[in-house]
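Values in this text are rule-based calculations from the coordinates and carry no lab data. Owing to the predicted nature of the structure, the values given are computational and were not obtained by experimental measurement. All Cβ positions, even for glycine, are placed from backbone atoms using ideal geometry, and neighbour counts span all protein chains on display.
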Amino acid sequence: MELFGYYYNPSTDTHDVKSFNTPFKVICNSSATKDLIEEFVTVIDNKADEFAEKDSGWILLNFIHLEININKFNPLRASSFIELPPEIVRRQAVVNIRNNDDYCFAWSIVAALHTPTGVDFVTSLYPHYSTVLNTAEQDALNLYHTFLKTPKKMNTLTELEQTTDNNAKNCHICDKPLLGDKVADNCHKTGSYRGPAHSLCNINYKIPNFIPVIMHNLRTI
């Protein structure tokens, strides 16, 4: 976001266009847009104040326009074999599996866990990833079907929970005033009441239909 203004400097009797911008941000959730715009406005306001406090002599006459640049975020995805840059290849420190499917990450895990019987980049010299990762995949599926596939309906509110919900003024998720937009939020795994929430906060505050897996080093002991 960049704000353009028309300024006048009485000491030199000159006019000029000045602008103040914000850094790029990645937005993955629509509910975060409002907060991000408020953050951008604060950044621009602070930059404009700093400019005015530097004894520059410039006086803001009027705003010209506000420019918002939006780019599609295209994160890295799983793919097949890709040649490494020559400077990395020369170091001979990276094993780049030459797979012809879309499971390069799975093959990388296998290469980290097993010693090849020959050249380290040939898939046929490793156990197939489906046999190595089959147990982890089945465990993940079991967890999904047990806890995530079918959300549990909200339990009947107790007298205390009902009183808390009736008297609530702020959303328990974002902690901002409800202002008439209030629904009862509940845990989809246990059915227990969690608190009052905005309808949009309630929609976005849910258990995802995937299980995140975090790995570190991938070294065997």
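Between residue 125 and residue 150, the simple spin-label model (points 7 angstrom out along Cα→Cβ) gives 4.9 nm. For the range 159-204, treating each Cα as an identical point scatterer without solvent, what Debye log10 I(q)/I(0) comes out at q = 0.31 1/Å? Each listed q maps to, in turn, -1.19.
3J(HN,Hα) couplings calculated from phi for the range 7-14 with the Karplus curve 6.51 cos²θ - 1.76 cosθ + 1.60 (θ = phi - 60°) are, in sequence order, 10, 10, 10, x, 5, 10, 6, 10 Hz; Gly and Pro show x.
Using the Cβ-Cβ distance between residue 41 and residue 71 with R0 set to 30 Å, the FRET efficiency from 1/(1 + (r/R0)^6) comes to roughly 0.90. Which lysines does residue 169 reach when only Cα atoms under 18 Å apart count, and residues fewer than 8 places away in its own chain are ignored? Of all the lysines, those that pass the test against residue 169 - Cα under 18 Å, at least 8 places apart if same chain - are 182.
Its alpha carbons give the range 2-67 an Rg and a Dmax of 14.4, 48 Å.
Approximating the spin labels as points 7 Å out from Cα along Cα→Cβ, the residue 179-to-residue 88 distance works out to 4.8 nm. Pairs from the table (153/176; 152/176; 149/206; 18/47; 149/189) lying more than 19 angstrom apart at Cα are 153/176; 152/176.
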